[in-house]
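The values are calculated or read from the model by the stated rules, or taken from the named source; none is laboratory data. What you see is a predicted model, and the numbers here were worked out from it, not measured in a lab. Positions of Cβ are generated from backbone atoms using ideal geometry, with glycine treated the same way; all protein chains shown enter the neighbour counts.
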Amino acid sequence: MAIPSYAGPLERVWYYLYRLICAAIFFFLIVPILVIIPLSFNAEPYFTFTPEMLRFEAEAFSLRWYADIVNNEQWLHSIKNSFIIGIASTLVATSLGTLAALGLSRAELPAKSLLMGILISPMIVPLIITAAAMFFFYSAPFGSDFALAQTYTGVILAHAALGTPFVVITVTATLVGFDKNLIRASNSMGADMPTTFFKVIMPLILPGVISGALFAFVTSFDEVVVVLFMAGFEQRTIPRQMWAGIREQISPTILAVATLLIIISTMLLATIELLRRRNEKMRGVTY
C-alpha cells in the first residue's frame, strides 16, 4: 500500500523505517537458511565455501551430493519412512482434529476452554518432555507387555498426537464464520448427518482442513526429538538420518537433503497461504 498524499513528515519517516525494519528481520531470518543451498553444490567434501566457489568457477560446483542421496540405501530408506509416517500420521491427525474442532464449535459444549487447552497441549509442553512421556507410555502402557515403541504404529501415533493441535486450530478458525443455519436447512430437507457433513460442512471447511493437514505433515516430516525416543533403526526418518550423519559421519549430503527440505517446506507453506486466502475470500474477508 502506497503512502497517502496527506501523510506528514513523521508518518513518512515511519513508513520507510517500518519497511527497513521488516527487511532487516527478513534478512536475519532467511539468509542463514539460504546459505545452505549453494554449499550443497560444493564439489569438495567441505561445509565451507572454497576459494573456487567464491570465484564462481564451474568446476567448483557439482551435483555429487544429490546423487549420493539417490545411491545411498540409508537415505532412500529414511525418505521412504518419512513419507509413510508423515502421510499416515497426517490422516490420523486430520481425522481426529477435524472431529474435535466440530465438537468444540458447538455452543452447548461445557468446559470448551479446558478441552481446547488439553487438545493443544502438545504444542505448549516442551517437546523433550512429550517425547520422553510417549516413550515410557508406548514401551509398556499401563504395565502391559504390549509395546508400540520402536514400531511404525508407535511413531505414527506419536506424530499424529503432535499434528492434531494444528488441525484443531485451523479448522476451529474456519468454523468461526460458519453459518450453522445451513446445517438446520440441510436437516429440514431430510438429509441425515453423514450427508450433511460431506455435502454441506466439509466443502466449506475444506480449506481449513487441508491447511491443518499440511501443518501436520510438515510437523511429522521435520520432527526429530520424538523419533530419537520412539523409532528404531527400521523407522529412521530423514531428520533422524541427518542427526546420525552429523554425529557419526559428517557429509555434505546433509546439506543437499536440507536444501530439498527447504524447497518442500516452502512449497507447502505457499500452499497453506493460498488456502488461507481462499478461505478468507469465501468468508468475505477483504483487506
Does the range 33-59 hold any residues that are part of a helix (DSSP H, G or I) and either at pLDDT 90 or above or touching a strand residue (DSSP E or B) at 6+ places or on another chain (Cβ under 7 Å) (or both), and which are they? 53
Considering each residue of the range 149-177, count those that are in contact with a Gly (Cβ under 7 Å, 6 or more places away or on another chain) and of a type outside the set (A, V, I, L, M), and give that number. 5
Top-ranked residue of the range 243-287 - restricted to ones that are of a type in the set (Gly, Ala, Ser) and over 22 Å from residue 220 (Cα atoms), ranked as modelled with the highest pLDDT: 251
When you look at residue 15, is it surrounded by 10 or more Cβ atoms within 10 Å (Cβ to Cβ), over 29 Å from the mean Cα position of the chain (by Cα), among the hydroxyl-bearing types (Ser, Thr, Tyr) and within 12 Å of residue 255 (Cβ to Cβ), yes or no? no
Does residue 89 meet the test of being modelled with pLDDT under 85 and surrounded by 15 or more Cβ atoms within 10 Å (Cβ to Cβ)? no
Of all helices (runs of 4 or more DSSP H) fully inside the range 139-243, the set with 1 or more residues that are touching a Lys or Arg at 6+ places or on another chain (Cβ under 9 Å) and closer than 29 Å to residue 264 by Cβ is 152-175, 202-222, 225-230
Within the range 78-116, considering residues that are in a helix (DSSP H, G or I) and hydroxyl-bearing (Ser, Thr, Tyr), the one nearest to the chain's Cα centre (by Cα): 90
Report yes if residue 195 is polar (S, T, N, Q), free of Cβ contacts under 8 Å to residues at least 24 places away in the same chain, closer than 27 Å to residue 85 by Cα and surrounded by fewer than 14 Cβ atoms within 10 Å (Cβ to Cβ), otherwise no. no
